[in-house]
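All remarks here apply to the structure that follows.
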Amino acid sequence: MRINRKELVRRHNPTIQSFDPSTPLSVGNGEFAYTADFTGVQTFCKEHRSAVPLCTMSQWGWHTTPVSRERWGYHLSDLELEPYDTAGRLVGYPTRSAGQ
């Protein structure tokens, strides 16, 4: 059986009718996720910051230099994490700018 990929993609092709900072589009595969605004990229980060920040996240990404107060002015333990239900458990993500 052949899959008509063009038809398959068009069935799930999102269309954004107007700008709303509380409804960005996130796509991912469980290991990588990208959140875009209505332009399809992350053009209007400031406008989204108050509602849903635009971000790119990965399961496999890491820093080669640990975050330290001396180098960066903060430590990961200083961040206020927003809890999200992830596979049946709450996981904290630094998604808010308030209080950071």
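The values are calculated or read from the model by the stated rules, or taken from the named source; none is laboratory data. Every value quoted in this text rests on a predicted model; they were computed, and no experiment measured them. With ideal geometry, Cβ positions are generated from the backbone for all residues, glycine too; neighbour counts draw on all protein chains shown. Calculation scope for accessible area: heavy atoms of the full protein, side chains included, ligands and nucleic acids excluded. Shrake-Rupley method; radii C 1.70, N 1.55, O 1.52, S 1.80 Å.
Checked against (1) open to solvent by less than 70 Å² (accessible area, probe 1.4 Å); (2) at pLDDT 85 or above, LEU90 meets all criteria but (1).
Being of a type in the set (Asp, Glu) and either closer than 15 Å to THR95 by Cα or over 15 Å from the mean Cα position of the chain (by Cα) (or both) is the filter here, so list the residues in segment 1-58 that pass it. Break it down into steps so the answer makes sense when it comes.
Narrowing segment 1-58 to residues of a type in the set (Asp, Glu): 7, 20, 31, 37, 47.
Answer for segment 1-58, where residues must be of a type in the set (Asp, Glu) and either closer than 15 Å to THR95 by Cα or over 15 Å from the mean Cα position of the chain (by Cα) (or both): GLU7, ASP20, GLU47.
Go through the residues of segment 70-81 one by one and say whether even a single one is at pLDDT 85 or above, open to solvent by 70 Å² or more (accessible area, probe 1.4 Å) and within 28 Å of SER18 (Cα to Cα). The answer is no; no qualifying residue exists. All of VAL41, VAL52 fail the test of being among the β-branched types (Val, Ile, Thr), closer than 15 Å to ASP20 by Cα and touching a Ser or Thr at 6+ places or on another chain (Cβ under 8 Å), apart from VAL52.
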